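Following: one structure in structure tokens, then a few remarks.
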Amino acid sequence: MKKLKFSRYNTMFCTVASLALLASCSSNDEAQMDESGLAVSEGFALSGDDLIFNDFTAQCSYVDGNWSSTAYLNTTMINTTQTNFIYAQNTKIANVFGQAAVTLKMVHDNSNVNSTYNAISYSNPKKIYFGEAIYVAALAKGQIVPAMILAHEFGHQLQYTYNLPSKKESTARPNELEADGFAGYYMRKPTGYNATWEQAGPGFEFAYAIGDNNTTSAGHHGTPPQRRSAARLGWYLGNYDLSASDFDYNFFYYYDNVLSGSYRTTTPERIDPKIDAFIKSKMSELRKIQSGEISAEEFINLGN
Ligand SMILES: [Zn+2]
């Protein structure tokens, strides 16, 4: 049994005096502040979806400062089917990028369920916390959607590991759009989710229409049309086998073209001519997604 360790946060918020429960909170490695590492929080806005929650037994465990004081962690994702599904996805996503799976846990909060409408990827130690509320809302749109969100979060893990994105802006936009791109890549890969666009398109529309228009705020995730075009670009790159760093290089080569509307005439050596010819044949579509000329509904029906 692990040595008992009580952080001041556990003590502060723990009102249950049972020794058994205390032991159960304190043996949780995650019940401490993540002080040294980075944490990318999606900070999703709540949608109007009706959320249905399972009745979980209350536990005493403080998660960290990114979640409410009454939140707690466990490894049950809604039910056994979802738990098996999402842990299998967690391994598959990591394997597609030649990585080992990272710790994945669900955050619950019985007294403030809406506070778990978020997913967070942490750098040190590497872990992903998936909020119950966003999982439930995503699942209501289809089984593929929680997998997409997880792939986006794993994209942030790749950024931590490989010091990506290579492009920096004054907001989180390149980090977030690249994570959308990684999810698009994973969804298409035959060794990944192996989805058709018919399956993936509506999922992206749910997951990435959550973009924001606060283009100067530090947490800016890209506008909804930019998130669609980033996911679509990643989807196209999923036709090829790319390392995380090569994905980044390709993504930002075309990202510049797609987002700024400028077009580079000289293709750098590191870009594979086959990929270049293919992506350039899709560039007009990507621009139209980004500009909003292709509507959300048309986006869903773009086809492979
Ligand atoms: Zn993100």
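The values are calculated or read from the model by the stated rules, or taken from the named source; none is laboratory data. Computed from a predicted model, the values in this text were never measured in an experiment. So basically every Cβ, Gly included, is an ideal-geometry build from the backbone, and we count neighbours across all protein chains shown. Note: accessible area is taken over every heavy atom of the protein model, side chains too, but ligands, DNA and RNA are not part of it. Shrake-Rupley method; radii C 1.70, N 1.55, O 1.52, S 1.80 Å.
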Under a plain spin-label model, where a point goes 7 Å from the Cα along Cα-to-Cβ, how far apart in nm are T215 and T75?
4.5 nm
Applied in sequence order to region 269-285, the curve 6.51 cos²θ - 1.76 cosθ + 1.60 (Karplus, θ = phi - 60°) yields integer Hz couplings, x standing for Gly and Pro, of 4, 5, 7, 5, x, 5, 5, 4, 4, 5, 5, 5, 5, 9, 4, 4, 5
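For region 164-304, what is the accessible area per residue in Å² when the probe is 1.4 Å?
Ligands and nucleic acids excluded, the figure is 41 Å² per residue.
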What residues have an amide H closer than 5 Å to that of V107, excluding those fewer than 5 places away on the same chain, when H is modeled at 1.01 Å from N in the peptide plane?
F130, G131, E132
Residue-level accessible surface for S243, protein heavy atoms, 1.4 Å, Å²
60 Å²
How much of D241 can a 1.4 Å solvent probe reach, expressed as accessible area in Å² and rounded to 10?
140 Å²
Reported to the nearest 10 Å², E298 has, with a 1.4 Å probe, an accessible area equal to 100 Å²
Applied in sequence order to region 81-86, the curve 6.51 cos²θ - 1.76 cosθ + 1.60 (Karplus, θ = phi - 60°) yields integer Hz couplings, x standing for Gly and Pro, of 4, 5, 4, 4, 4, 6
